[in-house]
Structure formats: structure tokens, C-alpha cells
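Data block below; observations after.
Laboratory data are not the source of any read-out in this text; all were calculated from the coordinates shown. As the structure is a computational prediction, the values presented were derived from the model and not from experiment. Note: ideal-geometry Cβ built from the backbone for every residue, glycine included; neighbour counts use all protein chains shown.
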Amino acid sequence: MLTDVALPQSKGECWESKYQPPMVPTSALFLGVGDASSESLGNSACVLCKNDEPWLLIDCGHDTVSKYKRTFSNQLPSHVFITHLHYDHVGGLEQLFFKAALSGSQVRLYVPVLLVQQLCAMLRYTQLSEGKADIWNTFILHPVSESFWHQGVKLWTYPVRHHAPNSAYALHLPGVVFYSGDTRPIPELLTHMVTGAETIFHDCSVKGNPSHSGIDDLVREYPSCILEKVWVYHYHCKEEQSAFKRAGLKFVTPFSMMPLGERMR
């Protein structure tokens, strides 16, 4: 009598059945959307979230840590990517160090490699008087060249147009999100690097300047297929939102949870 015989799985089939691809962030929450002189919108900082839980903080301005704690049940950021070294984007790192060190926590800092020396100089006197430990006992420095892995997910960084060459960087998770950081328009990146599925967060105020984008700059430099994916941030005040509306640009507001990539559709 013939019986069914189950053939053993090959090693490849066993691997495929057990392998679960890492989950990517599904939403973003901006703790602040303002420029350096904004008094009402807060320092621009964004939390990429997975299932509404914090996954990666982008930048850490003066008010970022307190807002992060209020938003995420008194948690401290555990992973931070730094786009550039202006104080409205890194001014909260000292506060984060003290709170993390006193609570016995560690924080991984992803920093573009060309910014590492200057960041170390900026933080060289930051330490606890209570213990024989400096800031690098609490911060785990992870220098980033072109890309890095975070919780099994590969992200890419690109230099953008802000002040000096190689002084500011965008963050890109293909198919999910592109975060410009402070920059002038970067059509060479958004045309060649994005897949078309990403949600794009882009620096923009009403009027541009040599270091930041304005409405006219975005409309001039980007085709409609890119502009329809763009959400602007890093603007000066709430009153500028009406100008964005007239230009057909979407804008980010503080503390709104925004779906990413295909979920945005």
C-alpha cells in the first residue's frame, strides 16, 4: 500500500520558511518643524516609528528630548541620526547625555563620518562630575559613510546643499522615506535616488536663502511627480502655511503622525 511520504525541506527552503524580513518604519512624527529662529514651531526633529513606537530619531535640538519624553511615555531616545551640526539640530545632545548617563542608559549616535571630528570637539567638555566617565561612555558613536544598518534595515546618506560642502546630509530609506535635512533643492538626488514610493520631507520656507529652500525654489527645480510626494518642514511660523497652500505644497505640523511610503496613498 502506497503512503504519502513528506520529503525533507532543503536547507534553502528551511531558511526561507524561518527568515522574516525586518520591519521598516511605518510612520513619522515630527517633534518640531521650525527653523533656527522659530519661537512657536520648535526645533525640527523627526521620529521614524514602527507600529507607533519610536525606531529612529533624526536630529536632537534644544527642545527635542523633553518633547520626545512627553510623547513616548517618558522614554529617552536610544538611536539618533544627526544630519548636521548646527545647534538647532544638535543642541539637545548634552541634555540627552546627562539624562541617559544618570539613568544608566546608552544611546547610539549615527553620525556622517565627515562630521565626527567636529562633533567630538563640540562635546569634548561634556561629562558627569559624579563619575569618571565622559560622554563616549554613554553615547555609542557609529560613524556613517554612504550607508548604515539599523535594526536590520539599510539606510543611505547623501551630502546636500547647506553652507559648506559635506557639512549636511540627507537620510534615505528606499521605498519608504527621504528626509532632506537642511538644504537647497537637490534635484540630482531626488531624480536619481528615490524610487517613486517614498514620502519626501523637504526643507522649505516661504523665501529661500543660500542655505535653505524656498517655495519658488522647489517649484522651479522639481517636476510635479516629485512635488506631489513632498511634505515641507523647517519653516518659520504658522502663518507661512497659507503660502504653502497657495503654492500647492503640503506641509508638516508638530506632533502629527504621518504614514510613510505606500501607506501615504
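State the answer as a single residue: which of 139, 89, 194 lies farthest towards the positive end of the charge dipole of the stretch 81-206, with beta carbon charges of +1 for Lys and Arg and -1 for Asp and Glu, about the Cα centre.
Checked the options; the winner is 139.
How big is the antiparallel share of DSSP beta bridges in the chain, given as a percent to the nearest 5? All intermediate terms of the calculation are to be shown ahead of the outcome.
On the way: 27 of 50 bridges.
Once the DSSP bridges in the chain are tallied, antiparallel ones form about 55 percent.
Treat the count of other C-beta atoms within 10 Å as a stand-in for reagent exposure and order 49, 60 from fewest to most. Before the final figure, lay out the partial values.
Working: 49 19, 60 26.
The fewest-first ordering by Cβ neighbours comes to 49, 60.
For residue 62, what residues show an amide H to amide H distance below 5 Å, using hydrogens built from the backbone and excluding near sequence neighbours?
HN-HN under 5 Å from residue 62: 91, 92.
In debye, nearest 20: dipole of the chain around its Cα centre with unit charges on the Cβ of K, R (+) and D, E (-)?
Here the chain has a charge dipole of around 220 debye.
Give me, ordered by chain and number, the residues 5 or more places off residue 197 or on other chains with an amide H under 5 Å from its own placed amide H.
It is 175, by chain and number.
Once you put a point 7 Å from the Cα of residue 166 and another 7 Å from the Cα of residue 141, both along the Cβ direction, what distance in nm separates them?
Going by the 7 Å Cα→Cβ label model, 1.7 nm.
Where the centre of each part is set by its Cα atoms, how far does the stretch 179-196 sit from the stretch 90-154, in angstrom?
Each part's Cα centre sits 27 Å from the other's.
What are the residues whose amide H is under 5 Å from the amide H of residue 144, where those residues sit 5 or more places off or on another chain and H is modelled from the backbone?
111, 113
Output ³J(HN,Hα) for the stretch 43-54: one whole-Hz value per residue in order, computed from phi by the Karplus curve 6.51 cos²θ - 1.76 cosθ + 1.60 with θ = phi - 60°, and x for Gly and Pro.
Those phi angles translate into 5, 5, 7, 10, 10, 7, 10, 10, 6, 6, 9, x Hz.
Taking the chain as a Gaussian network, Cα atoms linked when under 10 Å apart, which of 130, 94, 188 shows the biggest mean-square fluctuation?
Most flexible of the set in this elastic network: 130.
Taking the Cα centroid of the stretch 222-260 and of the stretch 20-81, what is the distance between the two, rounded to the nearest whole Å?
Their Cα centres are 18 Å away from one another.
Based solely on its DSSP helices, what 222 nm [θ] is calculated for the chain when runs of n ≥ 4 H residues each add -39,500 (n - 2.57) and the sum is averaged over all residues, nearest 500 deg cm²/dmol? Intermediate values should be presented prior to the final figure.
Details: 9 runs with 62 residues, N = 265.
Estimated from H runs of four or more residues: -6000 deg cm²/dmol.
What list of ³J(HN,Hα) values in whole Hz, one per residue of the stretch 83-100 in order, does the Karplus curve 6.51 cos²θ - 1.76 cosθ + 1.60 (θ = phi - 60°) give from phi, with Gly and Pro shown as x?
Listing the rounded values in order: 7, 6, 10, 5, 5, 6, 10, 10, x, x, 5, 5, 4, 4, 4, 4, 5, 5 Hz.
At a 10 Å Cβ-Cβ cut-off, how would you order 220, 184, fewest neighbours first? Show your work: numbers first, answer last.
Numbers: 220 11, 184 18.
Ordered from fewest to most neighbouring Cβ atoms within 10 Å, 220, 184 come out as 220, 184.
Note down the net charge around residue 173, summing +1 for each Lys or Arg and -1 for each Asp or Glu among other residues with Cβ under 12 Å from its Cβ.
Numbers: positive: 50, 154; negative: 198.
Around residue 173, the charge tally is +1.
Can you compute the modelled spin-label distance between residue 130 and residue 106, with each label point 7 Å from Cα toward Cβ, in nm?
Between residue 130 and residue 106, the simple spin-label model gives 2.0 nm.
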